Amino acid sequence: MNNQEKWDKRFLDLAKLIASWSKDPSTQTGAVIVDEKRRIVSVGYNGLAQGVEDLPERLNNREIKYKMFVHCERNAMLFAGRSLNNCTLYTWPFMSCAACAAMVIQTGIKRAVAPHSDNPRWQEEFELAKAQFKEAGVELCLLHVDNGEKA
């Protein structure tokens with residue numbers, strides 16, 4: 001394992017820890033953004049916006065939850081409070097959805113790292129995100145690690 005792979009694993013492990021802070025009962029996601037010197041710029045996890053109550057009827061209703069939740073990448077980007085040009089985004093337990101990929105591109109992030117996922121539920125999203133990253137010149141690294149994901 002080379003030095004970059006060691007750092008990628010470390011930051012994915014941190015994104016996994018951050019994901020555990022989410023109150024989502026079905027899918028907890030985490031993000032870490034680091035700069036070119038491997039300094040942590042921001043972190044985020046999926047959940048309701050600040051001040052919005054984590055009520056069971058919201059958390060346990062997928063249709064409502066998907067409309068109200070802020071994705072981990074978005075939270076990390078919003079909380080960064082600085083330029084994200086040339087930064088790297090780490091996400092757990094899978095890569096960004098298509099909408100988040102577009103936002104990642106717009107911030108100037110140049111590299112995205114996530115565990116590889118074969119989850120059929122999200123493949124269309126992943127393919128759209130991959131196409132956007134490729135066209136925009138964002139390097140995507142999908143690592144084969146055990147992310148505990150269920151099909």
Normalised Cα Rg of the range 1-57, dividing by 2.2 N^0.38 Å with N its residue count, works out at 1.37
Estimated inter-spin distance, Glu135 and Met103, nm [label 7 Å along Cα→Cβ]:
2.0 nm
Per residue, in Å², the accessible surface of the range 1-145 once ligands and nucleic acids are set aside, probe 1.4 Å:
55 Å²
Quick one: grab the alpha carbon gyration tensor of the range 64-120, order the square roots of its eigenvalues as a ≥ b ≥ c, and give me rounded if a/c is under 1.5, else prolate or oblate depending on whether a/b is larger than b/c.
oblate
For helix 123-136, what angle does its Cα long axis make with the longest principal axis of the chain, in degrees from 0 to 90 and rounded to 10?
40 degrees
Rounded to one decimal in nm, the spacing of the 7 Å Cα→Cβ label points at Asp118 and Leu55 is 4.1 nm
The chain: Lys pairs at Cα distance under 17 angstrom, eight or more positions apart or on different chains
9
MRE, 222 nm, helices only [DSSP H, n ≥ 4, -39500 (n - 2.57), over the chain, to nearest 500]:
-12000 deg cm²/dmol
If you count, for each residue, the other Cβ atoms within 10 Å and average over each peptide, how do 39-48, 25-34 line up from highest to lowest?
25-34, 39-48
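Taking a ≥ b ≥ c as the square roots of the Cα gyration tensor eigenvalues, with a/c under 1.5 meaning rounded and otherwise prolate when a/b beats b/c, else oblate, which class fits the range 24-140?
oblate
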Of the beta bridges DSSP finds with both residues in the chain, what % are antiparallel, to the nearest 5?
60 percent
Here the relative contact order (percent) of the chain, from C-alpha pairs under 8 Å and at least 6 apart, is 20 percent
Applying a 10 Å radius around every beta-carbon, put 133-146, 80-93 in order of their mean neighbour count, most first.
80-93, 133-146
Mind checking the angle between helix 3-19 and the chain's longest principal axis? C-alpha axes, 0 to 90 degrees, to the nearest 10.
10 degrees
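The values are calculated or read from the model by the stated rules, or taken from the named source; none is laboratory data. Owing to the predicted nature of the structure, the values given are computational and were not obtained by experimental measurement. With ideal geometry, Cβ positions are generated from the backbone for all residues, glycine too; neighbour counts draw on all protein chains shown. Areas reflect the complete protein model, heavy atoms only, side chains present, ligands, DNA and RNA absent. Shrake-Rupley method; radii C 1.70, N 1.55, O 1.52, S 1.80 Å.
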